[in-house]
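Data first, discussion second: the structure below is written as structure tokens.
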Amino acid sequence: MSKHFDQWKHDALSSDKEDLSRKHSIDDYIVNVINRINGHNDYYTSSSCSGRTLVLSSSSTVTSSTKSDCQWLYVTHEHADLELVLNCLEQRPKEIDMVSIKFEAFILHVICRTLECAKVLLNIALECGYRNSGLVISNQGKITLAIRSTHVLEVPLVIGGNLAVDQNYITQIVSIANEKMTANKTKIDKFSLCIENKLNIT
């Protein structure tokens, strides 16, 4: 057990600590999940995303593209709006080389007091279908559980500055992204219920 856990938790949940995410707040759909976990003596959350669909620009050269190179043209944590997606593609800066649509599922990082605590929450996550979940232990003894699923989607729409697909294709891709968002929220609901019942969190 790390003797620093309580201090880490206090510092992480301090009201004056800056939220470093682009949104600067917890996504509405997972506020209750976050609060339940943070209310438990043996856990606290360090970062999260409820799931999102993005239209983003990037370099077509994998080796030269970094996170800082990406520009978000559209993002939503709800079901994507086809008209807004089409509008952002139409109004994109013409110098942009590549534009992709991407769905990212719910992800949550939880710091755990002990390895035993981490295994309990990991087993709950796996039971709820978060098959990509796993543990990382830092040199300082900080035990981080990453809860994540396999629901992903990334499709290029603009290549070499030119729209590479037609509107019908974009419509189908947005529909698939929205189906994944629906499944993503269903899985979050199941996870929320499981942690409430199995961790005795109210």
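Some observations on this one:
- Just one of the listed residues (201, 143) is at pLDDT below 95, of a type in the set (A, V, I, L, M) and over 23 Å from residue 52 (Cβ atoms), and it is 201.
- Search result, residues across segment 96-116 that are open to solvent by 20 Å² or more (accessible area, probe 1.4 Å), in contact (Cβ under 8 Å) with a residue 40 or more places away in the chain and outside any strand (DSSP E or B): 97, 113, 114
- Residue within segment 138-161 that is of a type in the set (Val, Ile, Thr) and in a helix (DSSP H, G or I) present: no
- Some residue of segment 54-63 being assigned to a helix (DSSP H, G or I), under 25 Å from residue 149 (Cα atoms) and either at pLDDT 95 or above or open to solvent by 70 Å² or more (accessible area, probe 1.4 Å) (or both): yes
- Among the numbered conditions (1) free of Cβ contacts under 8 Å to residues at least 60 places away in the same chain; (2) surrounded by 14 or more Cβ atoms within 10 Å (Cβ to Cβ); (3) of a type outside the set (A, V, I, L, M, F, W, C), the only one that residue 180 does not meet is (1).
- Scanning segment 4-24 turns up one or more residues that are part of a helix (DSSP H, G or I), open to solvent by less than 80 Å² (accessible area, probe 1.4 Å), of a type in the set (A, V, I, L, M) and modelled with pLDDT under 95.
- Single residue of segment 159-175 satisfying the filter (in contact (Cβ under 8 Å) with a residue 40 or more places away in the chain, among the β-branched types (Val, Ile, Thr) and out of contact with any helix residue (DSSP H, G or I) (no Cβ under 7 Å at 6 or more places or on another chain)) that is most open to solvent (accessible area, probe 1.4 Å): 159
- Restricting 149, 133 to those that are surrounded by 15 or more Cβ atoms within 10 Å (Cβ to Cβ), closer than 18 Å to residue 52 by Cα and under 20 Å from the mean Cα position of the chain (by Cα) reduces the list to 149.
- A single member of 42, 69, 27 is over 22 Å from residue 152 (Cβ atoms) and either at pLDDT below 80 or out of contact with any Phe, Trp or Tyr (no Cβ under 6 Å at 6 or more places or on another chain) (or both), and it is 42.
The values are calculated or read from the model by the stated rules, or taken from the named source; none is laboratory data. This one's a predicted model, so the numbers in the text were calculated from it and none came from an experiment. For neighbour counting, all protein chains shown are included, and Cβ atoms are generated from backbone atoms with ideal geometry for every residue, glycine included. For the accessible areas, the whole protein counts, side chains as well, though only heavy atoms, and no ligand, DNA or RNA atoms are used. Shrake-Rupley method; radii C 1.70, N 1.55, O 1.52, S 1.80 Å.
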